[in-house]
Every structure is written in structure tokens, then in C-alpha cells.
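See structure below.
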Amino acid sequence: MLSSVSDSLKASPATPAPPYYVKGLALGIPAILLGLQLSGWLFFIPAITHGHFDFRQLYTSGYMVRAGHARELYDYDAQKTFQDALVSREQIALPFNHLAYEALLYAPFSVLPFRTGYFAFLGMNLGLLALSFRLLRPRMDELAEVWRWLPAAMCLSFLPVAVALMQGQDSILLLTLLVAAMAELQQGREWTAGVLIGLGLFKFQIAIPIALLFLAWRRWRFSAGFALSAAVVGSVSLWLVGFSQVEVYVRSLFSMSVALNSPLDQFRYGISPVAMPNLRGLIFGLADTRLSGFWVQAVTIVLSAMVWLWVARMVPGKQHGADALLLAIPASAAVSYHLLIHDLSVLLIPIAVTLNRFLEAEATGDRGGRLIARASALMFVAPVCMSFIPSHFYVVSLPLLAFLFAITAVSRDQVTFRG
């Protein structure tokens, strides 16, 4: 784990008891977040009934592949036709914008009626979350000392995880792949870790920045595993849709990203940059009315590249692989071009591990450790902004950047994340 705390902490015969407010917050914050989730599920019931939520396009993509319509997978009109027929009639389609290989995952669920398929997928997501917790739990031992149920409470109460479960999103699958990759890296199996993260290319905006950081850090075995996995999923995707749909896919990505400037475009694709807690969302939210679309894109690209380069240069290449991944995850989230609240589920990994290591600084008085612990705790709570200021959710990028800068700066001192 991270360790900018002085060596005296390691030498202490016993860990000091945490201050009273630490246990109070450990009991209170998850309870409040779980209460918000309960109310969220109650308000979400009509969406389940009408089918206007994210599982809509994933379910339809699985049906299109299973029914022999894979070569229309990225055609907007075809997607709308199938979504209206299979789920419910809506003004717009929710476009499937992932690599085609992922649609194979949803094909079995598309055999079931939509709502039944949704609950079956919810059951799979809960199973994956349980697996992620089991793999992550050994790195949350200090949190359990504060309150034995705190590790489980953090996994269940982290709002991005709850949103991913509600929406029937695939972010829990990516979380599981990343936790498994961290476990492999902990054992020195970098090639296998690279393969696992390559399988997560259905969220390529997160997986690719991670892979590029490992390449910059000269982790050749990891990069080889990632390249092999990427080649396989890319080939399967091409085989499913054909070259003509690749061109359609690239155009649709362009329309949903660089060309997404007007409110009409945002409505058509159901995407709003101000709902993105990353650099793109922050720049769009602050400068949209002051800069042209071209300059918003240019500033986004330049600042994202600067943050990525800063992390790449600041982190020692010889750092332990698991440590490097815990830094790469928040870096990829910050610079990713497309990031919504459920995508923040992957931050559970660095938040939990970092907080586990530095929580004792609240008792020892280590100033640097306290700052990092509090940056971790703030990032854990920050997604609650979606409940109160959803039209300004981009502000969550600020605690994300603070968290990233805190743990990256500490890495200069050859720190480790082992726990």
C-alpha cells in the first residue's frame, strides 16, 4: 500500500486506536449513503417498468447479435427499432457504443423477457460484486479494525456501485477484472494481469489509459498480455460486425464525443458532458458558454495529456505492479473522455486500499497521511453530488484530481501499496 508515513509507524508495537470521530464517520457515512440508495431504488421502480435505463441498449445488443443482426449493431435507426420493439417505445435510442464482443455477454439474457433479463443480470452483477469484495477484503484489514463490517459497508454503500446495479451497467464487471488484475500483480503475474485488463476494453476509455501508463513504465509483460487480449477482442468484434459497421461505429463515436456540442445532439444520444466527473466534464461545465466547441475539445485534450504525462513521469517504473495499478486507475478516470457516475465504481479499489493504509494517520498525527486519508474519504463521499447537483456533477472531478495528485506525489518516495 501507499506509505509516505514515517518508518516509526511501521515500528510501533501496536496501532493506536483511531479517534472517536473516525468510528463515528465509519458508522454514519455508509448508513446515510445506504439510505440514499434505498430512496433511489424506490424512485427507480418506474424506470424498470418502462425500460428507459441503461440495460436497454445492452439487452438489445445481445438480441441483435443472437438474432443475426450483428451487422446492424451500430446503426442508430436499427437500434431504435429493436429497442422500441423489445423494450418500450421512446423518443430516442440509447446507442450501444462498446466494442461488439461485449454484446455476446448479453445474448443469453436476451432470451428472457426484458425485465426478467434485467433481474438476471442484476443477480450476476451482485455475484461479481461479492467476488470483487472477496478479492479486495485482505487489503481492508485496518478498516475492519475500526468496525468489522466497514469493508462490506464501503462496497455496498459506494454510490457508483449502486448506480451500476440499478442501471444494469457493466461497470461491476470492469471492477471485477481490475480487482483480479491487482491480485495477479500482487503475485507478480503481470502477463495475466494485462490479459484481464485487455478483456475490459468494452470500457476502452478506461482500459487504454491504464495500458499506456504501464507501457510508459516499461512493464513489458503486462503490455504483452494486454496486447494479446486486445487483439483477440478486437478480432472477435470485427468478425461479428464486419468492416462496414466499423466505419459506422467510428462515425457514431465521433458524433457522441467531439461533435457533441448542441443540446439537441446531447438529447439524441442521451449524453451530457456536465454529468461527467472527469477533465472533459470539468472543462465543458466551466467553459461551454465562454469557449467554442473547438477550444473546449482542444483544452480537454491538452490538459488530459498533461495529467497523464505527469503521472507517467512521477511514478517510478520499478514500483510494484499492484501499486502502479492503484495509481493508474484514478489517472485513467480523470483523463478518460467518457465517464459517468457508474464508471466511478472502479475507484472503489484505490479508495479502499489507500484509506486502509492511511487511516491510522488520524491517530498518529502524521500530517501527510491525514491528507491522503481525507482525500480518499472525500472521493468516497463525493459521488453523492449526483443526488443534489446532478446538472453540475462535473465538480466531482475536483476531489478526483485531488485524490490522484495526493497518491501520485507520494509515489516519488518509492512507496508501496501492500497491505
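The values are calculated or read from the model by the stated rules, or taken from the named source; none is laboratory data. The shown structure was predicted, so the numbers you read here are calculated from the model rather than taken from an experiment. Methodologically, a virtual Cβ is constructed for each residue, glycine included, from the backbone with ideal geometry; neighbour enumeration extends over all protein chains shown.
Structural remarks
- Filter result (of a type outside the set (A, V, I, L, M), within 25 Å of residue 66 (Cβ to Cβ) and free of Cβ contacts under 8 Å to residues at least 60 places away in the same chain) within segment 226-244: 229, 235, 239, 243
- The single condition among (1) under 21 Å from residue 378 (Cβ atoms); (2) in contact with an Asp or Glu (Cβ under 7 Å, 6 or more places away or on another chain); (3) at pLDDT 95 or above that residue 142 does not satisfy is (3).
- Top-ranked residue in segment 272-319 [being part of a helix (DSSP H, G or I) and basic (Lys, Arg); ranked as nearest to residue 390 (Cα to Cα)]: 280
- Checking the stated criteria, residue 99 turns out to be aliphatic (A, V, I, L, M), within 18 Å of residue 269 (Cβ to Cβ) and surrounded by 15 or more Cβ atoms within 10 Å (Cβ to Cβ).
- Top-ranked residue of segment 7-55 - restricted to ones that are of a type in the set (S, T, N, Q) and surrounded by fewer than 13 Cβ atoms within 10 Å (Cβ to Cβ), ranked as modelled with the highest pLDDT: 39
- Any hit, segment 69-88, residues being closer than 29 Å to residue 264 by Cβ, of a type in the set (Gly, Ala, Ser) and buried (at least 20 other Cβ atoms within 10 Å of the Cβ): no
- For segment 245-300, filtered to residues that are small (Gly, Ala, Ser), touching a residue at least 60 places away in the same chain (Cβ under 8 Å) and over 28 Å from residue 404 (Cα atoms), the residue that is surrounded by the fewest Cβ atoms within 10 Å (Cβ to Cβ) is 270.
- Residues in segment 203-224 that are of a type in the set (D, E, K, R), part of a helix (DSSP H, G or I) and in contact (Cβ under 8 Å) with a residue 60 or more places away in the chain: 1 in all.
- Enumeration of residues in segment 356-368 that are at negative phi and either buried (at least 24 other Cβ atoms within 10 Å of the Cβ) or not in a helix (DSSP H, G or I) (or both): 356, 357, 358, 359, 360, 366
- Residue match in segment 228-243 (condition: among the β-branched types (Val, Ile, Thr), over 23 Å from the mean Cα position of the chain (by Cα), in a helix (DSSP H, G or I) and more than 29 Å from residue 314 (Cβ to Cβ)): yes
- Meets criteria (surrounded by 14 or more Cβ atoms within 10 Å (Cβ to Cβ), of a type outside the set (Phe, Trp, Tyr) and over 23 Å from residue 62 (Cβ atoms)) for residue 234: no
- When residues in segment 144-167 are screened for being in a helix (DSSP H, G or I) and without any contact (Cβ under 8 Å) to a residue 12 or more places away in the chain, 1 of them pass.
- Identity of the residue in segment 337-362, at pLDDT 95 or above and of a type in the set (Gly, Ala, Ser), that ends up farthest from the chain's Cα centre (by Cα): 352
- In the condition set (1) modelled with pLDDT of 90 or more; (2) under 29 Å from residue 18 (Cβ atoms); (3) in contact with a Leu (Cβ under 9 Å, 6 or more places away or on another chain), residue 397 is compliant with all but (2).
Residue-by-condition table, conditions (1) within 18 Å of the chain's Cα centre (by Cα); (2) surrounded by fewer than 21 Cβ atoms within 10 Å (Cβ to Cβ):
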{"residue": "122", "(1), (2)": "yes, yes"}
{"residue": "145", "(1), (2)": "no, yes"}
{"residue": "158", "(1), (2)": "yes, no"}
{"residue": "172", "(1), (2)": "yes, no"}
{"residue": "181", "(1), (2)": "yes, no"}
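- Within the set 339, 326, the sole residue that is touching a Pro at 6+ places or on another chain (Cβ under 7 Å), touching a residue at least 40 places away in the same chain (Cβ under 8 Å) and outside any helix (DSSP H, G or I) turns out to be 339.
- Listed conditions (1) closer than 29 Å to residue 396 by Cα; (2) under 20 Å from the mean Cα position of the chain (by Cα); (3) of a type in the set (A, V, I, L, M, F, W, C) are all met by residue 215, apart from (2).
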